[in-house]
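Only one structure is covered here, and it is reproduced in the block below.
The values are calculated or read from the model by the stated rules, or taken from the named source; none is laboratory data. Here the structure is a predicted model, which is why all the values come from computation and not from measurement. Cβ atoms come from the backbone with ideal geometry, glycine included; neighbour counts cover every protein chain shown. Only protein heavy atoms, including side chains, enter the accessible area calculation; ligands, DNA and RNA are left aside. Shrake-Rupley method; radii C 1.70, N 1.55, O 1.52, S 1.80 Å.
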Amino acid sequence: MTGLNIGVLAVQGDVMENLSATRLAMDDLGVEGVVTEVKSPDQISELDGLVIPGGESTVIGTLSLVNGSLKKIKEKIASGMPVLGTCAGMILLSKKAKDRIVGDMEQPLLDYLDIRIERNAFGRQKDSFEADISLEKIGIPKFRGVFIRAPSVSEAGRDVEILSKIDGKIVAVKQGNIVGTSFHPELTSDLSVHKYFITMAQKGKR
Ligand code: GLN
């Protein structure tokens, strides 16, 4: 087996942090391969896995729509490529996003992960927080969640596994080859979530 080809969508947001967390996760697991910044649609067809970082989902979505990446990503997800979406990344993967204050948003989405999102569900920037959460179902009993203008999942379809909740709000989900988190696993030194994602990508490649 040749090495894994993992991409980090590099449109806006915390791209560097995800590149570094993914690289470290692969090294820790002893998995060979490359982790690259993905800027154009033609890079997407070659990938074994994609990370969509946190940032501003309207910006990431609009720019990815304009350059054709959104369509390509959707095709690749449908063909089984594993994706990890953190915060804005999870918003982008969802079918419907609404803002806590503004209401329904007509923003470009991948429209794949069968969830409804409430953007900024925990408040504004100043209401950002950290908390210990648990992702027992994917073998991570304790994880430090960093929540920055974080969304929550207000509704989840039948095929969606709920991985974690905080204060009754859903903050991590899995649907087949997709994992979405409200928090930023790339902003802690704990690589467990990125390692789980790499393991998914390895299984997909076999
Ligand atoms: N509030 C941002 C959005 O709605 C997400 C914040 C984040 O990714 N940290 O797009």
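Before moving on, here are some points about what is shown:
- Some residue of segment 65-76 being among the hydroxyl-bearing types (Ser, Thr, Tyr) and over 18 Å from GLU118 (Cα atoms): yes
- Restricting attention to segment 1-44, the residues that are touching a residue at least 40 places away in the same chain (Cβ under 8 Å) and more than 16 Å from the ligand (Cβ to nearest atom) add up to 13.
- Scanning segment 109-131 for residues that are more than 12 Å from the ligand (Cβ to nearest atom) and open to solvent by less than 40 Å² (accessible area, probe 1.4 Å) returns LEU110, LEU113, ILE115, ALA131.
- Scanning segment 139-169 for residues that are free of Cβ contacts under 8 Å to residues at least 40 places away in the same chain, more than 14 Å from the ligand (Cβ to nearest atom), open to solvent by less than 70 Å² (accessible area, probe 1.4 Å) and at negative phi turns up ILE162, LEU163, SER164, ILE166.
- Residues in segment 51-72 include none that are at pLDDT below 95, over 13 Å from LEU92 (Cβ atoms) and of a type in the set (D, E, K, R).
Results for (1) modelled with pLDDT of 95 or more; (2) closer than 25 Å to VAL8 by Cβ; (3) touching a strand residue (DSSP E or B) at 6+ places or on another chain (Cβ under 8 Å), shown as yes or no for each residue.
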residue: GLU118; (1), (2), (3): yes, no, yes
residue: GLY123; (1), (2), (3): no, no, no
residue: PRO141; (1), (2), (3): yes, no, yes
residue: SER154; (1), (2), (3): yes, no, yes
residue: VAL179; (1), (2), (3): yes, yes, yes
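- Residue in segment 85-94 that is more than 12 Å from the chain's Cα centre (by Cα) and either within 27 Å of ILE198 (Cα to Cα) or surrounded by fewer than 21 Cβ atoms within 10 Å (Cβ to Cβ) (or both) present: no
- In this entry, LYS169 passes the filter for residues that are more than 15 Å from the chain's Cα centre (by Cα), under 18 Å from ILE91 (Cα atoms) and not polar (S, T, N, Q).
- Unmet requirement for ALA201, which otherwise passes all of (1) open to solvent by 20 Å² or more (accessible area, probe 1.4 Å); (2) out of contact with any helix residue (DSSP H, G or I) (no Cβ under 7 Å at 6 or more places or on another chain): (1)
- When residues of segment 174-191 are limited to those that are over 14 Å from the mean Cα position of the chain (by Cα) and of a type in the set (S, T, N, Q), the one surrounded by the most Cβ atoms within 10 Å (Cβ to Cβ): THR188
- Considering each residue of segment 51-65 in turn, none proves to be open to solvent by 10 Å² or more (accessible area, probe 1.4 Å), over 23 Å from THR188 (Cβ atoms), free of Cβ contacts under 8 Å to residues at least 12 places away in the same chain and more than 12 Å from the ligand (Cβ to nearest atom).
- Residue count, segment 70-86 (criterion: within 16 Å of the ligand (Cβ to nearest atom), of a type in the set (A, V, I, L, M, F, W, C) and touching a strand residue (DSSP E or B) at 6+ places or on another chain (Cβ under 7 Å)): 2
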